[in-house]
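What follows is a short report on a single structure.
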Amino acid sequence: MSAQPVLIPARQKNVNRALVCDENFVEFVNHWSGQVHGKPTPSEEILPGSLCTAKDFVDLFESQLISRHLDLMARVLRVQNKVFYTIGSSGHEGNAMVARLTRHTDPAFLHYRSGGFMAERFRKLPGMDPIMDSALSFAASKEDPISGGRHKVWGSKPLWVLPQTSTIASHLPKALGTAIAIEQAKRIGHTLPIPEDSIAICTFGDASSNHATAQTAFNTAQWTAYQKLPAPVLYVCEDNGIGISVKTPSGWIANAFQQRPGLDYFFADGLDIASGYEQVARAVNHCRTTRRPTFLHLKTTRIMGHAGTDFEIEWRSFEDLMAVEASDPLLRSAEIALSSGLMSKQEVLAKYEATRKLCFAAAEKADGLPKLDSLADVMAPLAPYTPDKVKAEADRSDYAEKRVAIFGGEDKLPEKLAPRHMAIQINNALHDLFCKYPETLLFGEDVAQKGGVYTVTKGLQKSFKGARVFNTLLDETMILGLAQGFANMGMLPLPEIQYLAYFHNACDQIRGEACSLQFFSNGQFRNPMVMRIASLGYQRGFGGHFHNDNSITALRDIPSLVVGCPSRGDDAATMLRSMMALAKVDGRVCAYLEPIALYMTKDLYEAGDGQWLTQYPSPEESMLIGSARVYNETANDLVIFSFGNGVPMSLRAAREIEKKHGWKVRVVDLRWLQPLNTDEIAKHAAQCSRIMVVDEGRRSAGVGEGIITAVVESGHGAKPLRRVVGQDTYTPLAGAAFLVIPSEADIVAMAGELV
């Protein structure tokens, strides 16, 4: 059906390839001399045998032109410092077909070459302007409707396009998670914000398909399909044959994906609307009707380089460049317009130039509008927090009847039972929260029948059935991708990462994806979740650094992430309630660190004293975010700041310090590790003569450094000040572990340096 445009002659050996592509189009149209068919009516096929009607084509061609002229505009105005984003969509304009054949309520996770897709999706709702909205984003204007000037991203709240700013391919897991969430909602009776037959769309490049994060998403899609579980995700691989400067081996994508069980493969020519339209339609229809993971291999090309900074002629021959430019999809679209009889040469060129004028006019207007000019404006959507609303939600206890049924009667309610250790109280809190939030899901490795490695989730699946509590495959990246998907669909996920060390395998799902979403969508999208992680050291009889990881640094470094770590059972319950309320009300992402060694701890000072068992707090009790628990608050000779395992160690050491030096010792359990409550730290530092920090993490870049900084910056650094901290090493096995992590003896010894 298609005819390949002739190779552009070598007169075009110009270093400005954007100018070349622009001139190519005009020249191609002026010199075209092919056969003209009879002009079709709007409802007739654009060319014989095509599923694409004339009306479809006109709209798609216009979307292609918008995308192209946005690219050309960006390259002209970038040198004038009027736009700030030049990773263009040129050669990928065929992705507009995917937008036309899907709905605006199909959540879309797009890569950066999605200008055609966005221009076409804008047609789905009246009154929207793809050119002006894009120009505002290019110009980093405060009026940019998606990011508010924080980044050039393809996104739209009303069009269900969630903005992507993250590392290569890291959006593929949450796209699959969203597809699974659409189906999961039906099983738990949750009302979706989109139609029940929606699909999730995810676009990426051929080079990106090789990334580990992409591969884990494909594997999970296959794993899901193998179990005959629905997962309506449309993965669109836009194959332009190159990743920046590295060519993809010819035929690699087809070879790698055609025969993957559970990942249904379709091919479409994204360079040719007339033929590609039906091919795309087949893939979309298959995904929507079968609810199976679908892989659409969309043929594209890349012209004008990877980005504005990519000076291709330095590493690519003119002959190669011209061959690529000859496959420009806009040349083929112009040919379709002419050969179908739908447009004359003059009409094609007039539409081309009119679109150029609209893009430049929008860009000039956008350049004159305000930009972000204050730190407060920049950070406004990063970490929303409404304390009164969060507290009200955390204290809400209007589910009494449900919890009586779940716990088995009034007399079996946990607050009426004897004090218990932390693992039981977390378990009780989870049962309560499942009663309170019917949209809550808990999932991860071994969390269902087994109840987790440490039995913390024991009984949840039996009480709330498998649709709300379920095991996943062993893949932390996908666990967090699922969490984001559930959050996208209005659910409240509680993913479990089995050990803190395993979080590092999937850190970017939180750093680059979940925590960045509110910031780069100007608060329009959010990923509420509470990520539970079995954490920290001091396990006896089971060790090695994977199971005794004390590295919290990677968590504390993530903007907007809330990190909390309880040291006792009652705090564990109230902290969890507050985190869930924070996620529910303000859409925040929280990391809940559960000290493994304290799960079953009963005693504090002597064996059998039971002083580390706690009463379960009543359901209307919560913990103020950022608040500390203070032991011996009137003591002012020495204050010890700590958290987690360091708290009971510090309390025991405090007795010895008092015996040895006669000092009254105050112990402050900070509980909240990110953000640190610097005012609380300053208050206690001001009231005490000496200061010590007990940090079970590593010496470098740990929580302790943050506490010391807060002390010094509050003006108390001149006081006697010391830190007891772990060593900069991995944790070894067995008894050797206790050589590298702090001990009570270390705390007592360090007090001697404060004399």
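Some observations on this one:
- Selection over the range 220-244 of residues that are touching a helix residue (DSSP H, G or I) at 6+ places or on another chain (Cβ under 8 Å) and not in a strand (DSSP E or B) gives a count of 7.
- Condition met for residue 34 (in a loop (DSSP other than H, G, I, E, B), touching an Asp or Glu at 6+ places or on another chain (Cβ under 9 Å) and not aliphatic (A, V, I, L, M)): yes
- Of all residue pairs spaced 6 or more apart or on separate chains, those with beta-carbon atoms under 6 Å, a first member in the range 362-379 that is outside the structural domain of residue 83 (by TED's automatic domain parsing) and a second member that is exposed (fewer than 15 other Cβ atoms within 10 Å of the Cβ) are 372/378.
- Qualifying residue in the range 418-428 (condition: over 27 Å from residue 535 (Cα atoms) and assigned to a loop (DSSP other than H, G, I, E, B)): no
- Of all residues making up the range 306-323, the number that are assigned to a helix (DSSP H, G or I) and either among the hydrophobic types (A, V, I, L, M, F, W, C) or surrounded by fewer than 17 Cβ atoms within 10 Å (Cβ to Cβ) (or both): 8
- Enumeration of residues in the range 16-38 that are touching a residue at least 24 places away in the same chain (Cβ under 8 Å) and among the hydrophobic types (A, V, I, L, M, F, W, C): 18, 20, 21, 25, 26, 28, 29, 32, 36
- Enumeration of residues in the range 543-588 that are aliphatic (A, V, I, L, M) and more than 20 Å from residue 457 (Cβ to Cβ): 552, 554, 555, 558, 561, 562, 563, 581, 582, 585
- Index of the failed condition, residue 530 passing every other in (1) at pLDDT 95 or above; (2) out of contact with any Cys (no Cβ under 9 Å at 6 or more places or on another chain); (3) of a type outside the set (Asp, Glu): (2)
- Tally, over the range 496-549, of residues that are part of a helix (DSSP H, G or I) and of a type in the set (D, E, K, R): 3
- Annotation: residue 16 fulfils all but one of (1) under 17 Å from residue 312 (Cβ atoms); (2) at pLDDT 90 or above; (3) surrounded by fewer than 24 Cβ atoms within 10 Å (Cβ to Cβ); the unmet one is (2).
- Qualifying positions in the range 324-348 - of a type in the set (Asp, Glu), crowded, with 20+ Cβ neighbours inside 10 Å and out of contact with any Cys (no Cβ under 9 Å at 6 or more places or on another chain): 335
- Residue among 480, 492, 473 that alone is among the aliphatic types (A, V, I, L, M), out of contact with any Leu (no Cβ under 9 Å at 6 or more places or on another chain), closer than 24 Å to residue 190 by Cα and modelled with pLDDT of 95 or more: 480
- Scanning the range 327-350 for residues that are of a type in the set (D, E, K, R) and either outside any helix (DSSP H, G or I) or closer than 17 Å to residue 272 by Cβ (or both) turns up 328, 332, 335.
- The set of residues in the range 614-649 that are of a type in the set (A, V, I, L, M), assigned to a loop (DSSP other than H, G, I, E, B) and in contact with a strand residue (DSSP E or B) (Cβ under 6 Å, 6 or more places away or on another chain) comprises 628, 635.
- Filter pass, residue 175 being modelled with pLDDT of 95 or more and in a helix (DSSP H, G or I): yes
- Residue satisfying all of: in the range 429-470; assigned to a helix (DSSP H, G or I) and aromatic (Phe, Trp, Tyr); modelled with the highest pLDDT among these: 434
- Contact annotation: residue pairs with Cβ atoms under 7 Å, 6 or more positions apart or on different chains, pairing a residue in the range 334-352 that is assigned by TED's automatic domain parsing to the domain that holds residue 73 and within 11 Å of residue 46 (Cβ to Cβ) with a partner that is among the β-branched types (Val, Ile, Thr) and assigned to a helix (DSSP H, G or I), are 336/273; 337/348.
- Checking each residue in the range 73-119 for being among the hydrophobic types (A, V, I, L, M, F, W, C), part of a helix (DSSP H, G or I) and buried (at least 22 other Cβ atoms within 10 Å of the Cβ) picks out 73, 74, 77, 96, 97, 98, 99, 117, 118, 119.
- Filter pass, residue 249 being closer than 24 Å to residue 112 by Cα and assigned to a loop (DSSP other than H, G, I, E, B): yes
The values are calculated or read from the model by the stated rules, or taken from the named source; none is laboratory data. None of the values given here were measured: they were computed from a predicted structure. Positions of Cβ are generated from backbone atoms using ideal geometry, with glycine treated the same way; all protein chains shown enter the neighbour counts.
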